[in-house]
1. Could you work out the helix-only [θ] at 222 nm for the chain, with each DSSP H run of four or more residues adding -39,500 (n - 2.57) and the total divided by the number of residues, to the nearest 500 deg cm²/dmol?
2. Modelled label-to-label distance, Y36 and D18, 7 Å Cα→beta-carbon offset: nm?
3. How many nm separate the modelled label positions at D27 and H69, each set 7 Å beyond the Cα in the direction of the Cβ?
4. Let me see the pair-distance distribution of the chain: every alpha carbon pair, 5 Å bin width, integer percents in order.
5. All other residues with a Cβ under 13 Å from the Cβ of L68 taken together, and with Lys, Arg as +1 and Asp, Glu as -1, what is their net charge?
6. What ranking do 35-46, 15-26 get when scored by the average of other Cβ atoms within 10 Å per residue, highest first?
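We did not get these values from a lab; they are worked out from the coordinates using the rules stated. None of the values given here were measured: they were computed from a predicted structure. We place every Cβ from the backbone using ideal geometry, glycine too, and count neighbours over all the protein chains shown.
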Amino acid sequence: MSRLLDDTEIQERMSDADLREWRRVADTLHRTVEAYDFPTAVRIVDKIVRETQRLDHRPDIDIRDKTLHFAVYSEGGLTDVDVELAHRIETAAGSLVRGHE
């Protein structure tokens with residue numbers, strides 16, 4: 001079962017270097033990345049799908065050519081699983097996105 005996080009916990013978890021590009025808007029975490037090309041964008045989504053299956057939690061994913069937008073949320077507020085999924089999305093995207101260091 002997911003545990004709702006309070007504002008302080010969310011801030012602490014979002015301060016992790018992996019999540020520096022994520023933005024919180026109300027009770028949703030957002031991230032936009034640019035892949036090198038459309039096939040790479042699809043590969044990123046495929047990797048993320050595997051992680052969503054493991055967590056039994058799904059983000060909203062929007063693909064426009066090589067640009068992907070992710071929105072992660074739960075009913076009632078952000079949870080520990082939402083933050084974990086954001087971490088896993090970052091890991092899955094890894095070096096497949098422009099600007100990866």
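1. It lands at -12500 deg cm²/dmol.
2. 2.3
3. 2.1
4. Pair shares across the bins are 2, 13, 26, 25, 19, 10, 4, 1.
5. Numbers: positive: R31, R43, K47, R64, K66, R98; negative: E21, E34, D37, D46, D60, D62, D65, E90.
The answer is -2.
6. 35-46, 15-26
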